[in-house]
Amino acid sequence: MHIRGGLRAAIGLSTALLMLAACGGTPQSSSGPEGGDIKDGGDLRVYIGEPRHIVASNAGESEGSTVARALYSGLIDYVGDDYKIVNVMADSIKSTDNKVWTIKLKGGWAFHNGEAVNSDAYIRAWNAAAYAPNAQLGSHFFERVDGYADLQGKEPKAKEMSGLKKVDDTTFEVTLRQPFAGFPVMLGYVAFMPMAQACAADLKACDEAPIGNGPFKMDGKWEHKQQVKLVRNNDYKGTKAHLDRLTFKIYDKIETAYNDLLAGNIDIMPRRMPPAKVPEARVKFGDRLLDKPSPSFTAVAIPTYLDPFKDKRIRQAMSMAIDRKAIVDAVYQGRYTPAKSFSPPGFPGGRDDTCKYCQFNPEKAKQLLAEAGGWPAGKKAELWFNAGAGHDVWMQAVGDQLKRNLGIDYELKGQLQQPEFLATADAKKLTGPYRSAWAPDYPLNENYLTPLFGTGGSSNRTGYSNPEFDARIVRGDNAKLLDEAGKLYGEAEDLLAEDMPSIPLWFDKASVAFGETVTGVEYNGVQGVNFARVGFTK
């Protein structure tokens, strides 16, 4: 999935960025009648799992982000197969040195409570997200901003980043600690959405009923483990939604959601479905099943801080003992692409076949295991994954191959629901290899590297730390152009391919299935389904 051309044209040392005024664009995929064949009105019922949070500054995983993207609109969107950057609230984003960025906003936007969405709203949001005592999952996205460090720790030195400066009501300036050519590319992620003053005053309450500025607004509060109800924002400044209501129905088992889709109790599964049901769904749904290549990534991550995983040869051996294609064929009917790299080949700097230890070679795997002193006698490898999402089948297949090819017995640990699973992983309390998935926050290969593997990275749950890896990331950050940066980030990836803190398995496909009367469905590999464009047939 190539984004290189669109970004190269958009970003450079002395380039004016994001001058497009439209917030639309060519969708990656769509189904159903266009324009006038979509009626206004109706309640779309959507499958999700239980989010951790839904306020934009704290919606740091797939379920929460799905809700947040319906509630908020930000500076930019990513559109089409090449993730073209188009402006939403931004009028322009410019820099002459990739360090000091001037952001001009379009006027006239308002939050759902009537507050103006202006420069203060963005400065407020970014400071609130970055301020450590607020414990927002989006905090790390601002670590490049000058003064971020002063907002960290139990007793921060400041509450506002020195790198954020208001110029006027529709203009603000962002100064980074060091140049970063990819900064504008980040700005479509939910952590960068604006925040109402009423929300900043009570973040906890806002997480139960966010005050957004998007095409939909809350209808009551988040009903945990049941649903999140939204209604159309008739005062929305952009293109208004077709739907009257958008209801996110929360399920703890994906199989139950699929059965409810068949029964007409929900209208759309927006990202995935039970792997074993895809062949059946192709027949039942026909062109109402979008089966699209996705940059989302699945791996088995390794807790490098635990014995015996501290020895990279153990990690290398486990990787070479896994036949990715066999699992993809058996579990996913050959739909997924076996991974041979840590970032998608189509992203800037991405290269295929960079991971030599991703090759299936059981004899070499046994050799590496022996060189590392073997696997501890009587010890089982505990394989962790979140419950209710269909991961037990492929994790068992991984365990079977480790046992067959390396003699490592295993135990499946799949009792935790997603929020608890992520919290346990964050606390580094998982006792063995675990299911890791990554959907890009923004379209740049650096996003697959720094958060997951940088020392102290926001999603670095493996404990991996390599000073040379960190140094190569910094060299990429300092590049003048994105093409150059992508190549330097690729050099950092080369170190991962040797150290193997995680075992790449495959790049996914998104399976979006929807009911007979649903139309206007579009899917984007970064942002998911655009619910503002979805409606029902006349």
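Can you sort His224, His112 so the residue with the fewest Cβ neighbours within 10 Å comes first?
Neighbour counts put them in this order, fewest first: His224, His112.
Need the full-extension length gain, Asp352 to Arg282, defined as separation in residues times 0.36 nm minus the C-alpha distance. One decimal, nm.
22.3 nm is the gain from fully extending Asp352 to Arg282.
Over the chain, what is the mean sequence separation of C-alpha contacts under 8 Å (at least six apart), divided by residue count, expressed as relative contact order in percent?
Contact order relative to length: 21 percent.
Which order results if Phe142, Phe507 are arranged by neighbouring Cβ count within 10 Å, fewest first?
Ascending number of Cβ neighbours within 10 Å: Phe507, Phe142.
Hey, of (i) 26.3, 105; (ii) 24.6, 87; (iii) 22.7, 68, which did the structure itself give for Rg and Dmax of the Cα atoms in Å when calculated?
Computed from these coordinates, Rg and Dmax of the Cα atoms in Å corresponds to label (iii).
Quick one: compute the contact order of segment 294-509, relative version, from alpha carbon pairs under 8 angstrom and 6+ residues apart, as a percent.
Over segment 294-509, the number comes to 37 percent.
Straight-line reach from Lys253: which aspartates and glutamates have a Cα under 13 Å away, not including same-chain ones fewer than 8 places off?
In chain and number order, the partners are Glu50, Asp392.
Remind me, relative contact order of segment 165-276 in percent, using alpha carbon pairs under 8 angstrom and six or more residues apart?
After rounding, I find 13 percent.
What's the FRET efficiency of Thr102 with Ala377 using the Cβ-Cβ distance as r and R₀ = 45 Å, to the nearest 0.05?
The computed FRET efficiency comes out at 0.10.
I need Tyr448, Tyr305, Tyr83 ordered by Cβ neighbour count within 10 Å, fewest first.
By the 10 Å Cβ count, ascending: Tyr305, Tyr448, Tyr83.
Antiparallel versus total DSSP beta bridges in the chain: what percent is that, nearest 5?
Taking every DSSP beta bridge within the chain, about 80 percent pair in antiparallel fashion.
Please compare each pair in Lys237/Lys292; Lys277/Lys340; Lys379/Lys403; Lys249/Lys284; Lys106/Lys221; Lys204/Lys249 to a cut-off of 19 Å on the Cα-Cα distance and tell me which ones are over it.
Distance filter (> 19 Å) returns Lys237/Lys292; Lys277/Lys340; Lys249/Lys284; Lys106/Lys221; Lys204/Lys249.
Values in this text are rule-based calculations from the coordinates and carry no lab data. Values in this document were obtained by computation on a predicted structure and should not be read as measured data. Note that each Cβ is placed from the backbone with ideal geometry, even for glycine, and that neighbours are counted across all protein chains shown.
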